[in-house]
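What follows is a short report on a single structure.
The values are calculated or read from the model by the stated rules, or taken from the named source; none is laboratory data. All values derive from a computational prediction rather than experimental measurement. Surface areas here come from the heavy atoms of the whole protein model, side chains and all, with no ligands, DNA or RNA. Shrake-Rupley method; radii C 1.70, N 1.55, O 1.52, S 1.80 Å.
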Amino acid sequence: AYMTTKNFINLEHVADQLMLKSNVTPLNFPFVALYITFGNSFLEEYFFRGFIFLTLYKAGHKKLAYLFSSLLFAVYHVAIFNTWFSPGIIVLALLGLFIGGIIFNVINTRTSSIINSWLIHIFADSAIIAIGIKMFYF
């Protein structure tokens, strides 16, 4: 997704916003990256898939489980990147996060566990961290 939208994303602006709003700097970025990749991804999977999705799904509200948990997952991320991108890129990111949430949910229905979706989430976050490395160091 980044490769197709990179001409519409100002990484310098994103870096400025990260430093201003979240105190993420090139010095502490490796620690933030580790937390996001392993800690935060687990918390998101536990809450959005393990708690919300699987609870609703097992209670028989299957369509609601898919839609509600995926929508919440997408909207949750707006607070993170709402000042980074143009409105069009924000809508595109929300759509991608919603679809990603649906995919994670499908994976979890096959295993009744969040482990597989967490591993995929780790890889997705690793790709984002790679963009962060480019942003802060190159």
Using alpha carbon centers only, the stretch 95-120 is separated from the stretch 11-34 by a whole-angstrom value of 27
Test of understanding: what is the full-extension gain from Thr4 to Tyr76, defined as 0.36 nm times their sequence separation minus their Cα-Cα distance? 23.6 nm
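Which three semi-axes in whole Å describe the equivalent ellipsoid of the chain, each the square root of 5 times a Cα gyration tensor eigenvalue, listed largest first?
One finds semi-axes of 29, 16, 12 Å for the chain.
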Probe 1.4 Å, all protein chains in place: accessible area of Lys134 in Å², nearest 10? 90
With -39,500 (n - 2.57) per DSSP H segment of 4 or more residues and division by the full residue count of the chain, the 222 nm estimate, nearest 500 deg cm²/dmol, is -22500 deg cm²/dmol
